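Throughout, read-outs are computed from the coordinates displayed, never taken from laboratory work. What you see is a predicted model, and the numbers here were worked out from it, not measured in a lab. Counting neighbours? That spans all protein chains shown, and the Cβs are built from the backbone with ideal geometry, glycine included.
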Amino acid sequence: MNESLKVKVRLGIGLVFIFGAIGTFIFGWMERSAGNSFNHIWMLAIIMLLGAMVQLQKIGGGENKIQNKEE
């Protein structure tokens, strides 16, 4: 795969995870306001945010490798 395509795919996955985590957190908040004291949905939102951070960190690490190869 081309490096720029990998970056775009990782960015897309990261954004999907971030928006999914926000939506899941809002859904969990609505469930809590309905009377549930703890909702496992929030754990899913946290895991999705962690997955997004991993994907975005791989993008940042990849750019450093590309810059080092050019020098």
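Brief remarks follow.
- For the stretch 39-55, the set of residues classified as more than 8 Å from the chain's Cα centre (by Cα) and part of a helix (DSSP H, G or I) consists of I41, W42, M43, L44, A45, I46, I47, listed by residue number.
- If the condition is being hydroxyl-bearing (S, T, Y), assigned to a helix (DSSP H, G or I) and over 17 Å from L50 (Cβ atoms), then the stretch 9-38 contributes only S33.
- Number of residues in the stretch 1-38 that are touching a residue at least 12 places away in the same chain (Cβ under 8 Å), among the charged types (D, E, K, R) and surrounded by 14 or more Cβ atoms within 10 Å (Cβ to Cβ): the value is 1.
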